[in-house]
Amino acid sequence: MSPLAGFLLVAALLFSIGLAGALTRRNAILVLIGIELMLNAANLNFIAFWRYGPHPEALTGMMFAIFSIAVAAAEAAVGLGLVIAIYRHAHTADLDQMNRMKG
Amino acid sequence: MQESISFTPQLAASPIAGMLWLIPAVPIVAAGVAALLKQSGRKTAATLAIGAMSVSLLLSVAAFAHVAGLWFGGEAARETVNFTWIQVGAANVDLGWVLDPLSAVMLVMVSLVGLLIFIYSIGYMAQDQNFTRFFCFLSLFAGAMLGVVIANSLLLLFMSWELVGLTSYLLIGFWYQKPAAAAAAKKAFITTRVGDVFFLLGMVWLFAQTGTLLFYNHGAGSIEPGALAALLTHPAALGLTAAGAIGLLIFAGAAGKSGQVPLHVWLPDAMEGPTPVSALIHAATMVAAGVYLIARVYPLMQAGALTGGTTTALTVVTWVGASTAVFAALIAVAQNDIKRILAYSTVSQLGYMMAGLGMGGVAVGMFHLITHAFFKALLFMGAGSVIHGCHEEQDIRRMGGLKADMPVTFVTYTIGMLALCGFPILFSGFWSKDGILEAAQHWSVAKAPFYMLVFGALLTAFYMTRQVSYVFFGYWRGHKPAHESPSVMTLPLAVLAFFAMALGVIGTPAWPWFRAFLEGRAVGFDWRAFGEPGLLPLMGISIVVVFLGLGFGWTLYGDKTPKAEEPDALEKAVPPVWGWLHNRLYVDELYGVTVIAFYGWWAQVADWLDRRVWGGLVSAVAWVFALWARMNRFLDTNVVDGSFDKGCDELAAGGGLLARVQSGRVQTYLRILALAVVALAAILIWSSRA
Amino acid sequence: MSFVFYVLAALTIAGGLAAVLLRNLVHCALAVTVAFAGLALLFLDLDAQFAGFAQILVYIGAVAILVVFAILLTRSSETPKDGGVFSRTWLVGLAVAAAVFAMLGWAVLETAPRLPQSAPVPVVTVQQIGQALIGRYVLPLEIVALLLTAAMIGAVIVAIHEKEEAK
């Protein structure tokens, strides 16, 4: 198995772990943590392909990863701010209890 | 006889004949207007009726003058105005009217007597609440009767005949709240209906044989020689020719209307109606319609007779007439109601008229009809005056001594009574009855009718004397004292009394103007006519008979005043005979046991049939429909509605199920997202690989 | 597939697993920090030095701290009284995640033979990165700058509004 495949597998695994956490944990913050893990896994994918793919001098993968990091930070800030705001309103961060949008 | 002059509608040369239809039309229109009036419109109703009748009288007199003028000029007039009413393929049904001596005299008689009775009714019905309705019906009757007189078509005559029957029903049952009156009206209608069925049969047969119902139509009419010859060629049955059979059928209808035995039962009961009605309808006019009908279709009755001989039809007419004359006269002897005596007397005299027609021809019968109309109307109106004056008392045993209290009525009534009895010379009844007796004496078939009629004359004199002595002689047996009637009632009495005496003039053997007028011959005054063999002895016999009757009556009843509860003098003498006569020879009872019982049984059968069989059928059909409806409802509720409701429920449930996807929880949405991505990727990979 | 790779991979995976499995949220935050660190080292192993340091700076230095702050501010450090930390239907989530991993793993293993076995080490200087940022990627750069500004302002507004209403 090539190194690239190994990195890809690790990224896939990390992605799934992050997804599992986002889908199964009750706390909203852990969902955000899961999302961060998923983003990181995607970054790993990009860097891996940049390293082992053609034309690494075009820096495409690296740039993507850097921009992804920046956006992830912004998104984490806003998301956590929202969680705090919701906590202030509902006095809980438990997702199981937040079903006001029930159909 | 000179050739008759008839006119087609296009070439009507006589304006009077063209206007003849107005004579019945005006009273009918007046009746129509009067029908719309309220009960308070008394004056208007009376004015309408009397005005219409006056118009009819004027026109009738004008028509009579026209015909008489023609006759004096030596022409025999028969003017017809015919028109087609219905066309069915090639066959026509025509209607029309005729102006000839027969219809002219009848018109004058009907309208004159009618007018006098109308005037009389103003006084008689003054207290009645339904004054307006009375005059409406009277006017309608008058119009219908006049229609019968002028009809030139058997169909038109029948239609007017039926209308006459209807108005008779309405007027007999005028006081319909009285059960007796309602029953009498019903009886009259049904009994005459029996006769009318035969009349209709005869009419249909005549139409089938001759193709027309017009009497006179320029030689093509149904009783003109051409048609009669055709009728005579086919013998029908029982030795009758077709003409004879048709004649007998028509006579059956006449027998019903004119109260011949056995259809006479309705006439005495018809006295339940107001007295003017009895006078007009059941003395002078409607009952005379039967006689008039026979006179009208006389050529038919006479068809096939050898000169001087007679036909089967006329023989039957004679026998029925003679029997009726005696039968009714016998019953009249033992009645105690003033009007019922007169009613039976009318039946008897109608028998005389029929016998006269059968034996002596149109003129003989018609003359007695005319004279009888006047003196019978007079007698009835006099009876009405008596009833009115005795405060609605009708039993003669509670009257008496009225010759002092009601002098005018007494005098006029006596004149009428003497005319009816046939008191010699001065009174018209003598001459008309003598004409019949003379014809009977010379009848070729048998002598029995002559003896029957003579016996009838004896009885007539007897019972009239009985009545007059009970009512006018002796002492007053009633409760309240009697009073004379107002002049509006007594004046018509006087006029009729005059005619009762004067009309004799036109029928004497010395100057038989009436006969000549009807037959379209010239006539002169000839005293030597009295010298005919057998005429004077006949007159002698009739005079003797009349005096015998008068004498009998006077000795038995005279000036005596038997108490009301005492039995009658005759009853004391021959109780069983009296019993039979008093109970009207049990004819009604016979009918009740046979005809009416059968009819009742048949009505029950029909009712059972109707309720069980037809009703059952209808119920079954309805039940099937109800079943069908219930099944439909079941289908509708359960299948249609059910399926629809179920569908909707399923939809709602499905919606409910689907709504569960919207759990409101973020993680659920995320899971679904992830799954969808997996699925999408799988699809993409597999599709690219394939 | 060097030994270093395996260790770093194990570290990262362990951190990630710990992050999603631990009961105490603070422990989870620390675990995820470990995962971030592992990832940064993986980046370094892949000769993407700038990315690795940027990862350390941003993720460990800012995001992890933010997470901790959030945990503290929402009192999520206390374990919940009812039930557990996992939702009632955690199996479904696990299954979905497993399905995703199955698909990804299968895709990787399918294409593994066709992937390049080795490649020369790229030489990337920071100057090159900088020039790329200003040159070719100037638009994304400006947009990201805008985005960061907006995110900052937005987060502040969201938080401040709640504060005023809470009063």
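Structure notes:
- Modelled label positions at A:K102 and C:A14, each set 7 Å beyond Cα in the direction of Cβ, lie 4.3 nm from each other.
- Compactness ratio for chain B: Cα radius of gyration over 2.2 N^0.38 Å (N = residue count) comes to 1.41.
- On full extension, the segment bounded by B:M19 and B:W580 gains 196.7 nm, given 0.36 nm per residue less the C-alpha separation.
- Neighbour net charge for B:V546 - beta-carbon separation under 12 angstrom, K R +1, D E -1: 0
- Of all aspartates and glutamates in the structure, the ones whose alpha carbon falls short of 17 Å from that of B:K38, not counting any fewer than 8 places away in one chain, are B:D128.
- Listed cross-link partners B:K339/B:K560; B:K187/B:K447; B:K178/B:K572; B:K480/B:K560; B:K376/B:K572 are compared with a 24 Å cut-off, the Cα-Cα value being larger for B:K187/B:K447; B:K178/B:K572; B:K376/B:K572.
- Using θ = phi - 60° and Karplus 6.51 cos²θ - 1.76 cosθ + 1.60, couplings along region C:138-154 (whole Hz; Gly, Pro as x): 5, 5, x, 4, 4, 5, 5, 4, 4, 4, 5, 4, 4, 4, 5, 5, x
- Region B:295-369: mean projected area of Cα convex hull, nm²: 5.0 nm²
- Under-5 Å amide H pairs with A:D94, H placed in peptide plane, nonlocal only: none
- Spin-label model, B:Y669 to C:V156: label points 7 Å out along the Cα-to-beta-carbon direction sit 2.9 nm apart.
- Counted charge near B:A328, where neighbours are those whose Cβ lies closer than 12 Å (Asp, Glu -1; Lys, Arg +1): +2
- Residue mean of other protein chain beta carbons inside 10 Å, B:654-662: 1
- Semi-axes of the equivalent ellipsoid of the protein assembly as shown are 138, 32, 26 Å, computed as sqrt(5λ) over the eigenvalues of the C-alpha gyration tensor in descending order.
- Amide H contacts under 5 Å for B:T241, placed H, 5+ residues apart: B:A236
- Estimated dipole of region B:512-670 in Debye, rounded to 20 [Cβ of Lys and Arg +1, of Asp and Glu -1, Cα centre]: 560 debye
- Database remark: amide H of B:N92 closer than 5 angstrom to no amide H (H placed geometrically; neighbours at sequence offset of 5 or more, or on other chains; Pro and chain starts carry no H).
- Each Lys and Arg adds +1 at its Cβ and each Asp and Glu adds -1 at its Cβ; summed about the Cα centre, the protein assembly as shown shows a dipole of about 1340 debye.
- Relative contact order of region B:361-424: 43 percent, from C-alpha pairs under 8 Å at least 6 residues apart in sequence.
- Multiplying the residue separation of B:L627 and B:D607 by 0.36 nm and removing their Cα-Cα distance gives an extension gain of 4.4 nm.
- Calculated FRET efficiency for the pair B:S619/B:E571, C-beta based, R₀ 56 Å, to 0.05: 0.40
- Protection proxy ranking, peptides B:59-68, A:81-90, average beta carbon neighbours within 10 Å, highest first: B:59-68, A:81-90
- For residues of C:125-133, the mean tally of beta carbons on other chains within 10 Å: 2
- Relative contact order of chain C, defined on C-alpha pairs under 8 angstrom at six or more residues apart (%): 15 percent
- Along the axis of the charge dipole computed for region B:544-690 (Cβ charges of +1 for Lys and Arg, -1 for Asp and Glu, origin at the Cα centre), the listed residues B:Y557, B:L609, B:A682 are led at the positive end by B:A682.
- In summary, region B:595-690 shows an alpha-carbon radius of gyration equal to 2.86 times the 2.2 N^0.38 Å reference for compact globular proteins.
- Among B:A597, B:M539, B:L581 the positive-end extreme of the charge dipole of chain B (Cβ point charges): B:A597
- Put a plus charge on the Cβ of each Lys and Arg, a minus charge on the Cβ of each Asp and Glu, and nothing anywhere else: the dipole of chain B about its Cα centre is then about 1620 debye.
- The mean number of Cβ atoms from other chains found within 10 Å of a Cβ in peptide B:181-193 is 0, as a whole number.
- Note on region B:59-121: Kirkwood radius taken over Cα pairs, Stokes-Einstein applied at 37 °C and 0.692 mPa s, translational D equal to 240 µm² s⁻¹.
- Label point distance in nm, B:F498-A:E57, each placed 7 Å from Cα along Cα→Cβ: 16.2 nm
- For chain B, the relative contact order works out to 11 percent when only alpha carbon pairs closer than 8 Å and six or more residues apart are counted.
- Rounded to whole Hz, the Karplus (6.51, -1.76, 1.60) HN-Hα couplings of region B:678-690, x for glycine and proline: 4, 4, 4, 4, 4, 4, 4, 5, 5, 6, 6, 6, 5
- Phi-based couplings in Hz for region B:243-258 (Karplus 6.51, -1.76, 1.60; Gly and Pro marked x): 4, x, 5, 4, x, 5, 4, 5, 4, 4, x, 5, 4, x, 5, 9
- Once the Cα-Cα distance is subtracted from the 0.36 nm per residue extended length, the B:L657 to B:V88 segment shows a gain of 196.8 nm.
Coordinate-derived values only; no laboratory data. This structure is a prediction, so every number in the text was calculated from the model and none was measured. Here Cβ is always computed from backbone atoms with ideal geometry, including for glycine, and neighbour counts include all displayed protein chains.
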